[in-house]
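Undergrad: Here you go, one structure.
The values are calculated or read from the model by the stated rules, or taken from the named source; none is laboratory data. Note that this is a predicted model, so its numbers are computed, not measured. Virtual Cβ from ideal backbone geometry, glycine too; neighbours counted across all protein chains shown. The accessibility values were calculated without ligands, DNA or RNA, using every heavy atom of the protein model including side chains. Shrake-Rupley method; radii C 1.70, N 1.55, O 1.52, S 1.80 Å.
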Amino acid sequence: GPAYLTILLVGHLLAPGLHIAFVVWRPEPLTLFTIFAVGCTALSLCAWQNSADVARLLVQDERTDVNLARANGETPLVTAAAEGHLETAKIILESGRVDPASYKVALQAAKASGERETVAWLKTVCRQ
């Protein structure tokens, strides 16, 4: 419906804009987050668009909340898992700040999306 179309357009316009802004101007990750965070978080956009390099820069900043959920309740880890963006999911998880409760939700999201490689990786993570 209209909500999905809005998300689709915003995601396809803001994610590349986020990348370009970061590459050209190199602002502090928190500044970039503040500029682009309208209705969702910059890290969630990275998870959704598989912008692993930008995600890596964002999670390096301790001020980035890796558990901040979008309006639909998904955390960046859950979004990356649902989309099958394994590299970005690993970057988010390796920050060491992910709420362990997100692991199982991410696993369920990956299963529901049919992302087999992500499911296999998350199963190993959930066992640890």
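Undergrad: Could you work out the relative contact order of segment 48-88, using alpha carbon pairs under 8 angstrom and six or more residues apart, expressed as a whole percent?
TA: On the way: 28 pairs, mean separation 21.0, N = 41.
Once normalised by length, the contact order is 51 percent.
Undergrad: How high is the relative contact order of the chain, given as a whole-number percent (alpha carbon pairs under 8 Å, six or more residues apart)? If you can, show how the numbers build up before the last one.
TA: Working: 166 pairs, mean separation 25.1, N = 128.
Rounded, it is 20 percent for the chain.
Undergrad: Label-point separation (nm) for V125 and V24, each offset 7 Å from Cα along Cα-to-Cβ?
TA: 3.3
Undergrad: Would you mind telling me the share, in percent, of accessible area of the chain contributed by carbon and sulfur at probe 1.4 angstrom?
TA: Working: 4080 of 7090 Å².
That fraction is 58 percent.
Undergrad: Under the classification rounded if a/c is under 1.5, otherwise prolate if a/b is larger than b/c and oblate if not, where does segment 74-128 fall, given a ≥ b ≥ c as square roots of the Cα gyration tensor eigenvalues? Mind dumping the intermediate values first?
TA: Values: a/c = 1.43, a/b = 1.29, b/c = 1.10.
Rounded.
Undergrad: Could I ask something else about it? When only Cα pairs under 8 Å and 6 or more residues apart are kept, what is the percent relative contact order across segment 77-118? Could the numbers behind the result be given before it?
TA: Details: 48 pairs, mean separation 24.5, N = 42.
With pairs under 8 Å counted, the relative contact order is 58 percent.
Undergrad: Beta carbons within 10 angstrom, averaged per residue: use that to sort the peptides 43-55, 18-30, 107-119, highest first.
TA: Ranking the peptides 43-55, 18-30, 107-119 by packing returns 43-55, 107-119, 18-30.
Undergrad: So for each of 94-101, 76-83 I average, over its residues, the number of other beta carbons within 10 Å; can you give me the resulting order with the highest mean first?
TA: Numbers: 94-101: 12.6, 76-83: 28.0.
The most tightly packed comes first, giving 76-83, 94-101.
Undergrad: Additional query: Once you place label points 7 Å from the Cα toward the Cβ at D61 and A112, how far apart are they in nm?
TA: 3.0
Undergrad: If a/c stays under 1.5 just call it rounded; otherwise compare a/b with b/c (prolate if a/b is bigger, oblate if not). Do that for segment 42-105, with a ≥ b ≥ c from the square roots of the Cα gyration tensor eigenvalues.
TA: On the way: a/c = 1.31, a/b = 1.10, b/c = 1.19.
Since a/c stays below 1.5, the shape of segment 42-105 is classed as rounded.
Undergrad: List the residue ranges in the chain for DSSP H helices whose C-alpha atoms run 20 angstrom or more along the long axis and whose Kyte-Doolittle average is 0.5 or above. Walk me through the intermediate numbers first.
TA: On the way: long enough: 2-25 (33 Å, 1.64).
Result, helices passing both filters: 2-25.
Undergrad: Specify whether the C-alpha gyration tensor of the chain places it in the rounded, prolate or oblate class, a ≥ b ≥ c being the square roots of the eigenvalues: rounded for a/c under 1.5, otherwise prolate if a/b is larger than b/c and oblate if not.
TA: Working: a/c = 1.90, a/b = 1.33, b/c = 1.43.
Oblate.
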